[in-house]
Amino acid sequence: MMKDNSEAHNENYIIESNRLIAEFMQLRIDAKGVKHGKEYKYYYDHEHLQDLEALPDYHEKWDWLMPVVDKINGRMDKDDNFELTLTITPNECFTYSRSAKDEIVQNEHGNSTIQMVYIAVVNTIKWIYENTHQDIVDENDGDVYIECPHCEHCESHPIDEQRHHLQTFEILDWLPDEENKPEVSVMKCLGCHKQFRLTWNYNEE
């Protein structure tokens, strides 16, 4: 179970966490920005959401944070049961996983209720990605195999074919490159419409 920490006071933690939430919420580029109430929020959905000042203020505004809580609580498993339950009380915030049959996140820290919920949301999303991260399967016949961790959808894809030709999945974003490590993309299954991260770990030779 993940408990948290005083990192929410750290500016870098807030920047990286807001990026993570924006990715989870599938924010896409829009010439008009993202309308929220009477305001428009502008940001870039390229180079991994580098326009930091324009990311939504998930860490300090309930009207941005609560839709994230709703999305977490609305996640369904393969049997159409609610997968996660994020509960907010005056003194703590915790997330229960049906599959793990346990609380996966528990947070009693924060200078305010919104900070407490924000930290729990961030840790819940991290848990989701850690537990739905897929690796490419190299079939050694010129194809790679991609499988959705949430449902039965899958696809074989020729290694030498451009990735945007995928039929079953959409590539939403690419994570920053790390030296000597394979590429990682944020995928959306077009069958169940859920997200997961995919490591493109295969031999191109």
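If the condition is being closer than 18 Å to Met76 by Cβ, part of a helix (DSSP H, G or I) and modelled with pLDDT under 80, then segment 127-176 contributes only Asn131.
Filtering segment 54-86 to residues that are closer than 15 Å to Ile125 by Cα and either touching a His at 6+ places or on another chain (Cβ under 9 Å) or outside any helix (DSSP H, G or I) (or both) leaves Tyr58, His59, Leu65, Gly74, Arg75, Met76, Glu83, Leu84, Thr85, Leu86. Could you tell me whether any residue of segment 119-126 is at pLDDT 85 or above, in a helix (DSSP H, G or I) and surrounded by fewer than 19 Cβ atoms within 10 Å (Cβ to Cβ)? The answer is yes; a qualifying residue exists. Of all residues in segment 88-99, which are under 19 Å from the mean Cα position of the chain (by Cα) and surrounded by 13 or more Cβ atoms within 10 Å (Cβ to Cβ)? Within segment 88-99, Phe94, Thr95, Tyr96, Ser97, Arg98 meet the criteria. What's the number of the only condition in (1) modelled with pLDDT of 85 or more; (2) under 14 Å from Asp173 (Cβ atoms) that Phe24 fails to meet? Every condition holds for Phe24 apart from (1). Just to be sure, is Thr113 of a type in the set (S, T, N, Q) and at pLDDT 80 or above? Yes. Tallying residues that are modelled with pLDDT of 85 or more, basic (Lys, Arg) and over 16 Å from the mean Cα position of the chain (by Cα) within segment 33-80 yields 1. Applying the condition of being in contact with a helix residue (DSSP H, G or I) (Cβ under 7 Å, 6 or more places away or on another chain) and aliphatic (A, V, I, L, M) to segment 166-205 and asking which residue is surrounded by the most Cβ atoms within 10 Å (Cβ to Cβ) yields Val186.
The values are calculated or read from the model by the stated rules, or taken from the named source; none is laboratory data. None of the values given here were measured: they were computed from a predicted structure. Note that each Cβ is placed from the backbone with ideal geometry, even for glycine, and that neighbours are counted across all protein chains shown.
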